[in-house]
1. Can you put 24, 175 in order of Cβ neighbours within 10 angstrom, beginning with the fewest?
2. Evaluate the relative contact order of the chain (contact order divided by residue number), counting alpha-carbon pairs under 8 angstrom at least 6 apart; express in whole percent.
3. Tell me the Rg and the Dmax, in Å, that the Cα atoms of the chain produce.
4. Before rounding to the nearest 500, sum -39500 (n - 2.57) across all DSSP H runs of length at least 4 in the chain and divide by the residue total; then give [θ] at 222 nm in deg cm²/dmol.
5. Any idea what log10 I(q)/I(0) is at q = 0.12 Å⁻¹ for the stretch 1-114, Debye with uniform C-alpha scatterers and no solvent?
6. Count the DSSP beta bridges whose two residues both fall in the chain, then state the antiparallel fraction as a percent rounded to the nearest 5.
7. Based only on other Cβ atoms within 10 Å, what is the fewest-to-most ordering of 127, 71, 145?
8. Listing 112, 158 from the residue with the fewest other Cβ atoms within 10 Å to the one with the most, what is the order?
Ligand code: AMP
């Protein structure tokens, strides 16, 4: 099952990806996670990406296309994969098509998480992430048992530097301008399925499972 999860920041793509990856045994490929790990490790890629990420701007297309093309060569993608946060521009989508064509492969489905701006802002500004295991919480809607401490591993929780309100608003603007045109791009290819990103995690997971079953992908 080769999937793209498309939608604005705060749509729940990352959360669903983690669940889908566990349930269907396919890797979750998040360009945001790969870039954040590179920043943390002080790699040249991270140094290059950080200034864009801090402002909520997109890292240059050639950089992210290169990352994904390399990652897709890993044998763990044979059975399928979930792309989360990539592609984010038409140029990236074309780059992905080219990379997959070289591997005689293609995308089965693009799931578009249609999400209201109010919900996205609320989720992003309240998000807290575990520094150790990466599990996501929400300050109001899904707080940890002990403030600032991960229920799963005891690690410290933090707020992503780009989850402050000003950067969130810019990320949503960048999404509207540069990423939303991909809805049309994939609609024309006939691979797009629309779901509501406003749904609760469990409800949306059920909707997605049904879509995969109907499409005979699982
Ligand atoms: P995310 O974790 O998906 O919200 O991504 C966090 C940040 O990483 C974005 O605001 C961008 O600066 C950068 N980023 C992640 N994926 C991409 C991409 N496909 N293209 C360009 N920049 C990206």
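Values in this text are rule-based calculations from the coordinates and carry no lab data. Not measured: the values here are computed from a predicted model. Please note: Cβ atoms are built from the backbone with ideal geometry, for glycine as well, and neighbour counts cover all protein chains shown.
1. On the way: 24 16, 175 21.
By the 10 Å Cβ count, ascending, the order reads 24, 175.
2. On the way: 305 pairs, mean separation 65.3, N = 218.
After rounding, I find 30 percent.
3. When restricted to Cα atoms, the chain yields Rg and Dmax of 16.7, 49 Å.
4. It comes out at -14000 deg cm²/dmol, rounded to the nearest 500.
5. -0.40
6. Working: 7 of 23 bridges.
If I count the DSSP bridges inside the chain, around 30 percent turn out antiparallel.
7. Working: 127 22, 71 18, 145 7.
If I rank by nearby Cβ atoms, fewest first, I get 145, 71, 127.
8. Details: 112 20, 158 13.
Sorted ascending by nearby Cβ count, the order is 158, 112.
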